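Take a look at the structure below.
The values are calculated or read from the model by the stated rules, or taken from the named source; none is laboratory data. The shown structure was predicted, so the numbers you read here are calculated from the model rather than taken from an experiment. In this analysis, Cβ positions are derived from the backbone assuming ideal geometry, glycine residues included, and neighbour counts consider all displayed protein chains. Accessible surface areas use protein heavy atoms only, side chains included; no ligands, DNA or RNA. Shrake-Rupley method; radii C 1.70, N 1.55, O 1.52, S 1.80 Å.
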Amino acid sequence: MAERKSTAATYDSVMRDLKARKFSPIYILMGEESYYIDKISDYIAEHVLPPEERDFNQSILFGADVSSSQLVDLAKGYPMMAQYRVIIVKESQNLKATEPLEKYLDNPVPSTILVLCHKNGSIDKRKKLVPKAASVGVVFESNKMREADLPRFVEDYLKQHGASIDQKAAFMVADHIGTDLSRLISELDKVLISLPADKRVTPDIVEKQIGVSKEFNPFELRNAIVNRNIYKANQIIKYFDKNPKAGSLYAFLPLLFNYFQNLMIAYYAPQKTSRDSVAQFLDLRSGWAATDYMTGMRNYSGMKTMQIINKFREIDAKSKGLDNPNTPPGDLMKELIFFILH
């Protein structure tokens, strides 16, 4: 049996081993976020075997079209004039009765690389398939990215491609596109092609290339609320009310809730008058990132912050129809912003 491996596989660790040509006999790629599943499986398909060896030694199948027994028969075969045999199963969540696979993993063929792409959820870890796969290969779980982590993802992705981005522009992109990483990457790639010589993404570029208003967007609304700029906040709300595609209750509710939730936590920082201390307490990247929370603590008391958080819960429930048969989202949006600012 192959050497036992850790189940705590990350995208970076999996890709590092693949690029070093340290292959495993089994890869289970599962989870809600399909982007990383596709990235890993595509890399295996394109880099394990040279093009001239793929016709006889690489199979790409779909879970609904093959049985576990058939997969095992394929996996037990040996490569033809090649070092490896690669079998990739797309949509493996449609596989029925995985017992034959579980038995195969007791003694997998070292020259076979079997990849199961299980999307839209994860395999029940109580089933034998997952621990057996982890003992001889790689189990990678691709979770949905939190909205709060999206701006950092945008910054890191552009940095990897030799570009940088303003914080405001990063928030604009993240807020407009959301947690669909495939779409997010597609939009960022489009922006990269159009960048000027300095390779810096500004709000103007985001507005032009992605179609987000640099003046009226959820990030600007958040900024107006942090600074308790009632006039600016009302301008943005009126714009959203007339242009629902530009911003809606559902677009900015998580963004603002996360801010006030962190603001409440900031009040418990050991040294809440120190920007660096607050940043460390909130696990932010730098003291500069805590600036909005320092401003928020000046503009909103701890009691008001708690009341605002409760109001978010009330509005969220109403937006889902609880105790609210008639009020449209636009009016709920106005009700929430009025409560926050007054």
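How about segment 184-204: which of its residues are more than 10 Å from VAL173 (Cβ to Cβ) and either of a type in the set (Phe, Trp, Tyr) or open to solvent by 30 Å² or more (accessible area, probe 1.4 Å) (or both)? Those that are more than 10 Å from VAL173 (Cβ to Cβ) and either of a type in the set (Phe, Trp, Tyr) or open to solvent by 30 Å² or more (accessible area, probe 1.4 Å) (or both): SER186, ASP189, LYS190, ILE193, SER194, PRO196, ALA197, ASP198, LYS199, ARG200, THR202, ASP204. Restricting attention to segment 311-342 and to residues that are of a type outside the set (Asp, Glu) and open to solvent by 80 Å² or more (accessible area, probe 1.4 Å), the residue that is nearest to LYS238 (Cα to Cα) turns out to be LYS334.
Among the conditions (1) without any contact (Cβ under 8 Å) to a residue 24 or more places away in the chain; (2) within 27 Å of PHE153 (Cβ to Cβ), ASP292 misses just one, which is (1). Candidates in segment 279-290 are the residues that are part of a helix (DSSP H, G or I) and open to solvent by 50 Å² or more (accessible area, probe 1.4 Å); of these, the one that is farthest from ASP166 (Cα to Cα) is PHE281.
Here SER34 meets each of (1) at pLDDT below 95; (2) crowded, with 19+ Cβ neighbours inside 10 Å; (3) among the polar types (S, T, N, Q) with one exception, condition (2).
Restricting attention to segment 262-278 and to residues that are among the β-branched types (Val, Ile, Thr) and open to solvent by less than 90 Å² (accessible area, probe 1.4 Å), the residue that is farthest from ILE309 (Cα to Cα) turns out to be VAL278. Residues of segment 139-157 include at least one that is touching a residue at least 12 places away in the same chain (Cβ under 8 Å), open to solvent by 60 Å² or more (accessible area, probe 1.4 Å), in contact with a Pro (Cβ under 6 Å, 6 or more places away or on another chain) and not aromatic (Phe, Trp, Tyr).
Looking at segment 1-91, the strands (runs of 3 or more DSSP E) lying wholly inside it that each contain 3 or more residues that are in contact (Cβ under 8 Å) with a residue 40 or more places away in the chain, of a type in the set (A, V, I, L, M) and closer than 17 Å to ALA133 by Cβ sit at 26-31. Considering (1) open to solvent by 50 Å² or more (accessible area, probe 1.4 Å); (2) part of a strand (DSSP E or B), the lone condition that LYS125 does not fulfil carries the number (2).
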